[in-house]
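Notes follow once the structure below has been shown.
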């Protein structure tokens, strides 16, 4: 599966995208945990003191915010999926 990163996250992972094989049973939550393990600096950006994903982290699976997927953060992922992760944005 392709995982695309935007803005400040690109600096942390050293590029725009990575490819990760979707092992059987891989969920959005397991992907987040795997990415934090691989890139420890993401922990402070993504996870609160309880290890929960901050609400300001925008993670999309095939164009849909993960919160709106049928199983939310427990939604299963496949090699065909495209994940995009955005930091908080602001402007005026």
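Does residue 31 qualify as being touching a helix residue (DSSP H, G or I) at 6+ places or on another chain (Cβ under 8 Å), within 15 Å of residue 1 (Cβ to Cβ) and touching a residue at least 40 places away in the same chain (Cβ under 8 Å)? Judged against the criteria, residue 31 is not a match. Taken over segment 60-75, the criterion of being within 20 Å of residue 8 (Cβ to Cβ) and either part of a loop (DSSP other than H, G, I, E, B) or in contact (Cβ under 8 Å) with a residue 40 or more places away in the chain (or both) is satisfied by no residue.
Considered as a group, the residues in segment 18-33 that are at pLDDT 95 or above and under 13 Å from residue 85 (Cβ atoms) include one that is farthest from the chain's Cα centre (by Cα), and that residue is 18. Of all residues in segment 46-57, those satisfying the criterion of being surrounded by fewer than 17 Cβ atoms within 10 Å (Cβ to Cβ) and either more than 13 Å from residue 87 (Cα to Cα) or touching a helix residue (DSSP H, G or I) at 6+ places or on another chain (Cβ under 9 Å) (or both) are 47, 48, 49, 50, 51, 52, 54, 55. Checked across segment 41-59, the condition of being in contact (Cβ under 8 Å) with a residue 40 or more places away in the chain and not in a helix (DSSP H, G or I) holds for no residue.
Listed conditions (1) at pLDDT 95 or above; (2) surrounded by 12 or more Cβ atoms within 10 Å (Cβ to Cβ); (3) assigned to a loop (DSSP other than H, G, I, E, B) are all met by residue 88, apart from (1). Look at residue 36 and say whether it is buried (at least 16 other Cβ atoms within 10 Å of the Cβ), without any contact (Cβ under 8 Å) to a residue 12 or more places away in the chain and either in contact with a helix residue (DSSP H, G or I) (Cβ under 9 Å, 6 or more places away or on another chain) or part of a loop (DSSP other than H, G, I, E, B) (or both). Taking the combined requirement at face value, the residue satisfies it.
The values are calculated or read from the model by the stated rules, or taken from the named source; none is laboratory data. Note that the coordinates shown come from a computational prediction; the quantities given were computed from them, not determined experimentally. Note that each Cβ is placed from the backbone with ideal geometry, even for glycine, and that neighbours are counted across all protein chains shown.
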